[in-house]
Structures are given as C-alpha cells and as structure tokens.
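J.: If you scroll down you'll find the structure; I have some questions about it.
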Amino acid sequence: MRCLILSDIHANWHALQAVLEDAAGRFDQIICCGDLVGYGANPNQVVDWVRDNVTTVVRGNHDKACSGLDSLEWFNPIARTSAVWTMETLTPENTAYLRGLPQGPIQLEHFRIFHGSPADEDEYMVSTQDVMCLRFLVEGHVSFFGHTHVQGGFFLTHKAISKIPRPPLESVGQEIELEDNIRYLINPGSVGQPRDGDPRAAYVLYDTDQPRLTYCRVEYDIAAAQAQIRAEGLPDVLANRLAIGA
Ligand code: ZN
C-alpha cells in the first residue's frame with residue numbers, strides 16, 4: 001500500500017493543492033496526523049476535502065481548540081486570534097467533524113499515527129531527549145507524527161535514539177529504506193505552515209510493502225495564501241511567516 005502522509009495542513013488550501021498535484025499517481029490512500037485548521041484562511045475548504053479524501057485522521061491541538069473542545073488560554077495571542085476567527089468561520093458540519101476526530105495514537109495495519117507524542121497530542125517531540133523520555137510508549141515499526149512542523153523524525157535502535165535530519169533544501173526527495181530492527185518516528189513536516197526553514201509544503205510518501213519512505217517538498221503559491229490571510233484580516237505575521245518557513 002502506497003500512502004500519502006500529511007500533517008499540519010493548517011487551512012492552507014494553496015499548499016494542499018500543490019502537494020496533491022505533486023504526489024498525483026504515487027499513492028493509494030491518504031493519512032493525516034492532525035491540525036487541519038488554524039492559522040490559514042481556508043478552513044472549510046480544507047476540512048471538506050479531508051472529509052471526502054482522507055482515510056484516517058487524528059485530531060491535532062488546533063482541531064481541538066478551534067472546535068471548542070479546549071480552552072484557548074494556552075495559545076499565544078496570534079494563535080488565539082486565528083482560532084477565534086476559525087471557530088466563527090467553520091460551518092456547523094465541519095465543527096462537528098473536528099469535534100468527532102479521534103485522539104491518537106491510532107494503530108493502523110502497518111503503522112501508527114498521532115499528532116504530538118504517543119503520550120499527549122499537545123506535546124512536542126523536538127529532541128532525542130524528548131523521545132528518550134517517551135521511548136516506552138513507542139510501539140511498532142513505524143509511527144507518523146506532526147505538531148513541530150519540522151520534517152524529519154527519529155530512529156530508535158536497541159542502543160540509541162538518533163535524529164533524522166531535515167532533508168537538504170536542494171534535495172527533491174530523500175528516500176529511506178526502512179530496516180527491520182529499527183523503530184521509526186517519522187514527521188512528514190507541515191503542509192501549510194513549515195517551520196524548518198524551508199517554506200515549501202512538506203509531505204511524505206510511504207510504501208508499506210518495501211517498506212520505503214520518501215520525504216518530499218513542493219513549491220506552492222505562497223503569495224496567494226498570504227493574500228487570503230490578509231484579506232480575512234488575520235494577523236500579518238501569519239502571512240509573513242509562510243515566506244520564510246518559520
Ligand atoms: Zn500544527
């Protein structure tokens with residue numbers, strides 16, 4: 001089974017369209033590690049699309065907050081402004097869909113998915129130290145997660161935990177052949193708001209038969225996404241950061 005793994009779309013319709021065009025013909029099903037909405041200007045378009053096209057989705061912290069399941073007090077003022085706007089903008093059907101999304105981890109046939117960490121959807125796995133603390137919760141051969149908006153992840157052997165570095169800017173697709181005796185925590189990066197210094201939309205292709213995964217990046221119409229954010233009166237910083245991938 002060839003899977004398209006997405007995370008942190010964040011209501012960025014332009015980035016999502018570019019990813020789908022770039023990955024066309026190279027996957028059989030789509031999986032999403034959460035944060036469909038928040039920050040971007042197209043929450044309804046993105047949620048409508050996810051409802052029709054994505055096989056399995058776990059909820060992210062923004063999905064929870066923007067559907068009224070969590071208080072906004074933990075959000076910084078900019079994230080809060082965008083969450084309030086998103087709540088007001090989402091259709092009742094899409095709010096209900098977000099409220100009903102399952103909390104990860106979800107175990108699928110060949111891998112597991114969750115948003116932040118296997119312990120908590122709001123927890124960031126940034127360093128090998130973070131993963132060290134959670135290693136007893138890392139189950140199975142491969143897990144996909146998001147939340148940090150940084151493409152890469154970690155691999156765990158009996159002896160050590162190592163970081164998978166973000167693929168270099170110039171590389172189009174870095175392929176990794178997965179080994180049997182290693183456990184992998186894979187972050188596909190963010191579709192709609194990359195924060196790893198590369199402003200291109202990020203995703204992963206995973207072939208469960210080989211098993212092999214490919215880190216991918218694709219350019220999209222950042223100016224169009226920025227124009228929509230500004231037109232909706234959302235904070236300017238949300239538009240500006242898209243251009244620098246931070
Ligand atoms: Zn996110």
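Values in this text are rule-based calculations from the coordinates and carry no lab data. Please read all numbers here as calculations on a predicted model, not as lab measurements. Cβ placement follows ideal geometry from the backbone for every residue including glycine, while neighbour counts extend to all protein chains displayed.
J.: At 7 Å along Cα-to-Cβ for each site, give me the label-to-label distance between ARG135 and GLN210 in nm.
T.: The modelled label-to-label distance comes out at 2.8 nm.
J.: While we're on this one: Take the Cα pairs of region 1-145, get the Kirkwood Rh, then feed it into Stokes-Einstein at 20 °C and 1.002 mPa s and tell me D in µm²/s. Numbers along the way, then the final one.
T.: Details: Rh = 15.7 Å.
Roughly 137 µm²/s, to the nearest whole number.
J.: Jot down the per residue volume, in cubic angstrom and as a whole number, of the convex hull over the alpha-carbon atoms of the chain.
T.: Numbers: hull volume 27.5 nm³, N = 246.
Looking at the chain, the number lands at 112 Å³ per residue.
J.: Grab the DSSP H runs of the chain that are 4 residues or longer, score each as -39,500 (n - 2.57), total them, divide by all residues and round the 222 nm result to the nearest 500 deg cm²/dmol.
T.: Details: 8 runs with 75 residues, N = 246.
Per the formula, -8500 deg cm²/dmol.
J.: Mind checking the dipole of the chain: about its Cα centre, +1 per Lys or Arg Cβ, -1 per Asp or Glu Cβ, Debye to the nearest 20? Show your work: numbers first, answer last.
T.: Values: 19 positive and 32 negative charges, 70 e Å.
Its charge dipole is roughly 340 debye.
J.: Using the Cα centre of region 1-85 as the reference point, and only Cβ charges (+1 on K/R, -1 on D/E), how large is the resulting charge dipole? Debye, rounded to the nearest 20.
T.: Working: 6 positive and 10 negative charges, 16 e Å.
Dipole about the Cα centre, nearest 20: 80 debye.
J.: If the only charges are +1 at each Lys and Arg Cβ and -1 at each Asp and Glu Cβ, what is the size of the charge dipole of region 42-178 around the Cα centre, to the nearest 20 debye? Could you put the intermediate results ahead of the total?
T.: Details: 10 positive and 17 negative charges, 54 e Å.
In total the dipole reaches around 260 debye.
J.: What does the charge count near ALA160 come to, summing +1 for each Lys or Arg and -1 for each Asp or Glu among other residues with Cβ under 13 Å from its Cβ?
T.: Net charge in that neighbourhood comes out at +4.
J.: Going by Cα centres, region 85-145 and region 61-82 are how many Å apart?
T.: Value for the Cα centre distance between the two parts: 16 Å.
J.: In region 84-222, if the dipole is taken from +1 on Lys/Arg beta carbons and -1 on Asp/Glu beta carbons about the Cα centre, which of VAL218, GLY140, PRO92 is farthest to the positive end?
T.: Final value for the positive-end residue is GLY140.
J.: In addition: Based on the Kirkwood radius over alpha-carbon pairs, what value in µm²/s does the Stokes-Einstein equation return for the translational diffusion coefficient of region 67-208 at 20 °C and 1.002 mPa s?
T.: The diffusion coefficient I find is 128 µm²/s.
J.: Still on this model: Quick one: compute the contact order of region 1-138, relative version, from alpha carbon pairs under 8 angstrom and 6+ residues apart, as a percent.
T.: Relative CO of region 1-138 lands at 21 percent.
J.: Under 8 Å for C-alpha pairs, at least 6 residues apart: give me the relative contact order for the chain, rounded to a whole percent. Write down the numbers at each step before the final one.
T.: Numbers: 573 pairs, mean separation 57.9, N = 246.
Relative contact order for the chain comes out at 24 percent.
J.: Here's something else I'd like to know. Considering only the chain, what is the antiparallel percent among its DSSP beta bridges, to the nearest 5? All intermediate terms of the calculation are to be shown ahead of the outcome.
T.: Details: 27 of 38 bridges.
Given both bridge residues lie in the chain, the antiparallel proportion sits at roughly 70 percent.
J.: How long are the three semi-axes of the equivalent ellipsoid of region 149-243, in whole Å, if each is the root of 5 times an eigenvalue of the C-alpha gyration tensor, listed from largest down? Before the final figure, lay out each step's value.
T.: On the way: eigenvalues 200, 36, 21 Å².
Rounded to whole Å, the semi-axes are 32, 13, 10.
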